[in-house]
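Asker: Questions regarding the structure given below will be posed in turn.
The values are calculated or read from the model by the stated rules, or taken from the named source; none is laboratory data. This structure is a prediction, so every number in the text was calculated from the model and none was measured. All Cβ positions, glycine included, derive from the backbone under ideal geometry; neighbour counts span all protein chains shown.
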Amino acid sequence: MAAGLCGPTPLVFRLHEGAPELVREVLLERGWEEYDEQEHEEGDWNLYWRTSAFHNSDYENILPWQRLNHHPKTVGITRKDCLARNLKRMRGTFGSGLYNFSPTTFILPNDYTRFLAEYTKHRLKNGGRSWYWICKPVDLSRGRGVFIFEDIRDLVYDSSVIVQRYISNPLLISGYKFDLRIYVCVKSFQPLTIYMHQEGLVRFATEKYNLTSLDNLYSHLTNTSINKFGPFYTTDKERVGQGCKWTMSKFRCYLHSQGINELFLWQKINNIVTLTLLTIAPSVPSSPNSVELFGFDILIDAKYKPWLLEVNYSPALTIDCQVDMTVKKVLLNDLVDLMNYKSMDSVRQRGYLKQKYKRPCYLGSQSLQSPMLLPKSRCEHHPAKKKSHSIHSTFSDSMRYFPSVEMNRIRSARNSISNTKGSALNPILIPHSKTAAVTGNRKTHPVLSQMTEAIQWSEVTDVESEFDDRNLSTFVSPWQASRQPAGGCCKLPAIHIQKYKTPKFPWDPKSQDKSTPPLRVGDFILTFPFNEVTLKASWDKLNVKTAVHEVHKLISQLASGFSHKQKRGTEDELDRCKEKKDFGSLFWGPPLLSECHLSN
């Protein structure tokens, strides 16, 4: 694949077997190329997409221009039994008043005795009648193996399962049960950075809800994989229509038509997402070149309380209907934008690859076995570039070939001499090996040693700007060109908030990026961190106690402003909150106030 060294080449994506076809379609439309072992060099890709987990070696050997679509070790919330254990642990630490959004859960067979005691207690208390329960295999998805029961004699299982109290009073639309698929992107676990997509799916059962027929899955389960085979899937159902899905925008308009104050509801869903992710955030290893898209399944009961049902790893991106296409194509485009590819990524540092310097960048323990010889400036031959070529530009250009750990070493060296303002920069030293890095035996880099007296403090600062966040290029894909701005009755409005000044802290080369994350990327809206305290708490080692405390404060503030007696809020009430700037002072976004209200 011959391409000019000075011009950017197309980004390359690599799909593992079973990856969604929609991912390929979206990336090709954006001008990407698909990885081909015959045409591309090893490691010559920018995005590797899998529906299954990556191996540890994939994280250890990742190169600076590459991204993976999974963070390591997130099974703590994506496997049903692990989620139940972690939420139970958080309830024990922070109280059931805060972690009260998951139904009572037992993991069988280990918790069978505890379940039997709970079952018996409620049966005696209610005159021989028990709660309704739902049984789910811990490691299956798409509704497989799920059943609902009332009598314990109907509980039969042959593998590890969870048994949850069944939410038997769900909010219904024209008699049909539904749940919400909320798409959540974790850009980083260190620091914790969470985005929630303003679009999503509302998934309906295809037969009316009926507790007298617990074995009718088309009445009780909302999984599309089940309902698309139901006898009434194509029927034009009252208010729901054909199929079994709405967009989230349509659901917001439905809430508006019912006079429901959605601010409190949506913020409670935000809190569920944040509190759930906080259960595993400290244990997820740092992987700056990874991003994760989760699918949170939320059920709303008749009292408008949201409940977390489960968290999906690799949520389905298949296209079953037009609603899927409307939601998922936008979702994927926004996800790619959130990955923040830079101009350097399109070059893929071919000189770096050809020299076989494939040392791990973040999680690996390998080391350089010889001094890193930086390639010459890739544009040195170009007449337009040669005229203005200088020592500084050589240094700046060479830095494109540095893994991030080497960049951190340079920053560390700069930090150590920062007390002498304006003095000439000493030779920047790069460890010869892992041992040298520890013992202090270092070698001066051959290219950098030429700049002993030439590079000043300001020039090193300019080098760092090479790694600042910036868009890939001015290329506009057909999808981007045709996309309409978010707005209208069903969309969340632009963020109207009171921005704060990012607190200034001493620069620490061991810490992760301490810049304020963008509040919005496409339809992804930042939900954590949401104020200065949570921003600081997410840096370095996540302070879970502080983060949970801030979420609790937010819930309390919202609850005091919107009591249960005010569920059907008036326009005057909403205007009053806008005047007091309640939305901006409580959280960054989304303000979660539908333009349905603002348009009146």
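Asker: Residue check, Cys82 against (1) at pLDDT 95 or above; (2) surrounded by fewer than 16 Cβ atoms within 10 Å (Cβ to Cβ), all met but one. Which one?
Answerer: Only one criterion is unmet by Cys82, namely (2).
Asker: A follow-up question, please. Criterion first (buried (at least 18 other Cβ atoms within 10 Å of the Cβ) and either of a type outside the set (A, V, I, L, M) or within 24 Å of the chain's Cα centre (by Cα) (or both)) does Val202 satisfy it?
Answerer: yes
Asker: Another question about this same structure. For the structure I just gave you, tell me whether Leu83 is under 27 Å from the mean Cα position of the chain (by Cα) and either farther than 30 Å from Asn46 by Cβ or of a type in the set (A, V, I, L, M) (or both).
Answerer: So Leu83 passes the test.
Asker: When only residues in the stretch 176-191 that are under 17 Å from Met339 (Cβ atoms) and of a type in the set (A, V, I, L, M) count, which is surrounded by the fewest Cβ atoms within 10 Å (Cβ to Cβ)?
Answerer: Val186
Asker: Mind checking which residues of the stretch 97-144 are closer than 30 Å to Ser314 by Cβ, in a loop (DSSP other than H, G, I, E, B), of a type in the set (A, V, I, L, M, F, W, C) and out of contact with any Pro (no Cβ under 8 Å at 6 or more places or on another chain)?
Answerer: Correct list: Leu98, Val138, Leu140.
Asker: On to the next question. Could you list, in sequence order, the residues of the stretch 298-324 that are of a type in the set (Asp, Glu), assigned to a strand (DSSP E or B) and farther than 16 Å from Arg165 by Cβ?
Answerer: none
Asker: Which residue is surrounded by the most Cβ atoms within 10 Å (Cβ to Cβ), if the candidates are limited to the stretch 128-167 and must be among the charged types (D, E, K, R) and modelled with pLDDT of 90 or more?
Answerer: Lys136
Asker: Would you pick out the residues in the stretch 123-149 that are of a type outside the set (A, V, I, L, M, F, W, C) and more than 27 Å from Val311 (Cβ to Cβ)?
Answerer: Arg123, Lys125, Asn126, Gly127, Gly128, Arg129, Ser130, listed by residue number.
Asker: Same structure, new question: Kindly indicate which of Tyr254, Tyr183 is farther than 28 Å from Trp131 by Cβ, part of a strand (DSSP E or B) and of a type in the set (Phe, Trp, Tyr).
Answerer: Tyr183
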